[in-house]
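Working notes, structure below.
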Amino acid sequence: MSGHEHEDHGHDDNRDHDHAPIVAPEAPGYYDVMETAFQELMIEKGYFTAGEIRRQIEVLDSRNPALGAKVVARAWLDPEFKGRLLENGRTGCEELGITFYDETQLIVLENTSEVHNLIVCTLCSCYPRPVLGLPPDWYKLKPYRARAVYEPRKVLEEFGTNIPDDVEIRVSDSTAIQRYLVLPMRPAGTDGLDEEQLAALVTRDAMIGVIQIQSPTQGVAA
């Protein structure tokens, strides 16, 4: 067996095995090396510890779109909360116990019958991670980052979202200190749903602005 030592574990190895090839990990890139070097330097200087870095990573890993969905559902049900959320997205989220682990600000953009909002980061992948978790891969790709700005209507069509010509599409460019979250329009047919049921309708992509939330009865046969 090439590439590694064979160890006798006391069982019959005469059977055929369909082993996937072992692929050597890629060498770390420039930014990976710089990140590691920076972390080691900051730890050496005493600015933070390896344990603090690990805990921060755990916090990041705990975030997911369900947090944002909770915020959207509450805004749909509570007009006063919605007003506070649109005035200051960060403090609005904090009302629901969602903490922010950095100094970034959050602006919540409301979709209406006249305006549809789309979020992008043209420089890298700045994203409202405290409320949505990690960004999807396509959000970080250069084609989306560029085309969302100069042909947003066409980009939305590729996601299956057709915005009428009389509806304005506003593209907001995230930065390192300012992130955006879309407050989608509440779909028809949801008047009798509670907050948990409404939150279940809200998807990550709707809070980025690439899709619209459909009525729960849409596509259901009569």
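Here are some notes:
- Screening the range 136-148 for residues that are more than 21 Å from MET185 (Cα to Cα) and open to solvent by less than 40 Å² (accessible area, probe 1.4 Å) and picking the one that is modelled with the lowest pLDDT gives PRO136.
- Check on GLU151, open to solvent by 50 Å² or more (accessible area, probe 1.4 Å) and modelled with pLDDT of 95 or more: no
- Subset tally (residues that are of a type in the set (Val, Ile, Thr), farther than 20 Å from ARG145 by Cβ and out of contact with any Leu (no Cβ under 7 Å at 6 or more places or on another chain)) for the range 101-130: 2
- Of all residues in the range 121-173, those satisfying the criterion of being free of Cβ contacts under 8 Å to residues at least 40 places away in the same chain and within 15 Å of the chain's Cα centre (by Cα) are CYS124, SER125, PRO135, ASP137, TRP138, LYS140, LEU141, TYR144, ARG145.
- The set of residues in the range 77-111 being surrounded by 17 or more Cβ atoms within 10 Å (Cβ to Cβ) and charged (D, E, K, R) consists of LYS82, ARG90.
- Annotation note: of GLY160, GLY133, the sole residue that is surrounded by fewer than 17 Cβ atoms within 10 Å (Cβ to Cβ) and either in the same structural domain as ALA199 (by the TED database) or in contact with a Ser or Thr (Cβ under 7 Å, 6 or more places away or on another chain) (or both) is GLY160.
- Of the helices (runs of 4 or more DSSP H) lying entirely inside the range 105-198, those containing at least 3 residues that are more than 25 Å from LEU77 (Cβ to Cβ) and not acidic (Asp, Glu) span 137-140, 142-150, 152-158.
- The one condition from (1) at pLDDT 75 or above; (2) closer than 20 Å to CYS126 by Cβ; (3) open to solvent by 60 Å² or more (accessible area, probe 1.4 Å) that ARG74 does not meet is (2).
The values are calculated or read from the model by the stated rules, or taken from the named source; none is laboratory data. None of the values given here were measured: they were computed from a predicted structure. Methodologically, a virtual Cβ is constructed for each residue, glycine included, from the backbone with ideal geometry; neighbour enumeration extends over all protein chains shown. We work out accessible area using only protein heavy atoms, side chains counted, and drop any ligands, DNA or RNA first. Shrake-Rupley method; radii C 1.70, N 1.55, O 1.52, S 1.80 Å.
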